[in-house]
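Comments concern the structure below.
The values are calculated or read from the model by the stated rules, or taken from the named source; none is laboratory data. Small disclaimer: the values here were computed from a predicted structure and weren't measured. Reconstructed Cβ throughout: ideal geometry from the backbone, glycine too, with neighbour counts over all protein chains shown.
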Amino acid sequence: MPDEVVSATALTKRYRGKATPAVDGVSFGIAEGETAGLLGPNGAGKTTLIKLICGVTPPSDGSIRVFGRDPAREPVPTKQDIGAMHQTGPYDQMLSGLDNLRIAARFRGLSWRETEPWAAEVADYLGLTEALPRLVFQLSGGQRQRLQLVRALLTIPRLLVLDEPSAGLDVAGRHQVERFVHWLRGEHGVTVLWTSHHIDEIERNCQRVLVISKGRLLRFAEPRALVREYGGGRLVVTGADQVAAKAVAAWAEAAGLRATVDDTEVGIDGAIGKDVIPAVVRHCAEAGVTLTGFGTVADSLENVFLRMTEKG
Ligand SMILES: Nc1ncnc2c1ncn2[C@@H]1O[C@H](COP(=O)(O)OP(=O)(O)OP(=O)(O)O)[C@@H](O)[C@H]1O
Ligand SMILES: [Mg+2]
């Protein structure tokens, strides 16, 4: 499809000597301009999937297309379209950050004279200007991580691939990266694939999330849809007094739901979407106790993710 930036069909990668594939029959399409999240436990196959997209490693089976091209067969144009921030960024530790950027530019066939003003702007935005002339081994972990982002963005790519961009960054640094990517999307329509173990980051920034476990794609859906589908949610019922609260808790437990009472408030787990409210109201009316409030607390994507991948 022309409006798909990345399309994978039954994509599989088996590493030599491994009994199970690292990526196992995965099919999905990332739309132009979309920010797609990639979630999965350690070893799920996220980095392998990214390597397949970047053409760093060829698939064992199935196919991967990036802007309609096979990345392993046409690595040069593919690399020109992709800005990638890899999980392990190899640097020459004995050279300055600036020299590492110069080398990366040369490697990508870019003129440093033309690239430098933009690279300097990105570095400045990330608060890296003063650190750039220092040797890489003198930089802090967070500074190295920011340097990776500058390197991935020597030009504005059509597809930005971020493999755990915020690993080792402090809270302010994470927000800086998020704001910057947001700006890139808005200003330049960049398509983004974003891997992170910070699920809140994925929830804030991605329209859809690929959830993978043991190389298999469990779902590719909007975070909210996943929460609706897999999230239990919690209903909080407030009684007029403790007698009312106890009556609600007793009803919930008899219905097989877990309830916890705190003074006049009762929390009922996994109650959302199960038509519990009318049943509670009916029961309380029959029992002659008064309720004064209902509230719902949605499940977090983090809980949903744990539930999905434990099952997966
Ligand atoms: N070059 C390789 N050779 C052999 N096996 C590999 C290679 N790279 C990765 N693997 C294996 O493939 C599986 C998936 O690894 P991958 O790095 O893709 O996981 P990941 O989801 O990125 O994990 P993490 O969250 O830890 O970064 C793992 O079992 C890993 O040991
Ligand atoms: Mg990884």
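Just a few scattered comments:
- Meets criteria (farther than 18 Å from S300 by Cα, crowded, with 16+ Cβ neighbours inside 10 Å and more than 16 Å from ligand 1 (Cβ to nearest atom)) for A245: yes
- Within the stretch 77-99, considering residues that are away from ligand 2 (no atom under 16 Å from the Cβ) and within 29 Å of V6 (Cα to Cα), the one surrounded by the fewest Cβ atoms within 10 Å (Cβ to Cβ): P77
- Test: residue in the stretch 262-275 that is hydroxyl-bearing (S, T, Y) and in contact (Cβ under 8 Å) with a residue 40 or more places away in the chain: no
- Residue, farthest from ligand 1 (Cβ to nearest atom), within the stretch 34-46, restricted to residues that are surrounded by fewer than 21 Cβ atoms within 10 Å (Cβ to Cβ) and modelled with pLDDT under 95: P41
- Filtered by the rule that a residue be surrounded by fewer than 18 Cβ atoms within 10 Å (Cβ to Cβ) and hydroxyl-bearing (S, T, Y), the stretch 100-119 gives a lone residue, S111.
- Count - residues of the stretch 81-100 that are touching a residue at least 60 places away in the same chain (Cβ under 8 Å) and in contact with a strand residue (DSSP E or B) (Cβ under 7 Å, 6 or more places away or on another chain): 7
- Just so you know, in the stretch 256-283 the residues that are in a strand (DSSP E or B) and of a type in the set (D, E) include one that is farthest from L226 (Cα to Cα), and it is D262.
Here is a yes/no grid of residues against (1) surrounded by fewer than 16 Cβ atoms within 10 Å (Cβ to Cβ); (2) within 16 Å of ligand 1 (Cβ to nearest atom); (3) modelled with pLDDT of 95 or more:
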site: Q145; (1), (2), (3): no, yes, no
site: R158; (1), (2), (3): no, no, yes
site: P165; (1), (2), (3): no, yes, no
site: G168; (1), (2), (3): yes, yes, no
site: G173; (1), (2), (3): no, no, no
site: W183; (1), (2), (3): yes, no, no
site: T191; (1), (2), (3): no, no, yes
site: W194; (1), (2), (3): no, yes, yes
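- Taken over the stretch 16-34, the criterion of being in contact with a helix residue (DSSP H, G or I) (Cβ under 8 Å, 6 or more places away or on another chain), in a loop (DSSP other than H, G, I, E, B) and within 16 Å of ligand 2 (Cβ to nearest atom) is satisfied by A22 alone.
- Of the candidates V209, V181, V236, the single residue that is over 28 Å from P41 (Cβ atoms), touching a residue at least 12 places away in the same chain (Cβ under 8 Å) and out of contact with any Lys or Arg (no Cβ under 7 Å at 6 or more places or on another chain) is V236.
- Unmet criterion (only one of (1) within 23 Å of S166 (Cα to Cα); (2) more than 16 Å from ligand 2 (Cβ to nearest atom)) for H198: (2)
- Set side by side, the residues E253, E286, E302, E310 differ, and just one is assigned to a helix (DSSP H, G or I), surrounded by fewer than 12 Cβ atoms within 10 Å (Cβ to Cβ) and either at pLDDT below 90 or under 38 Å from the mean Cα position of the chain (by Cα) (or both), which is E310.
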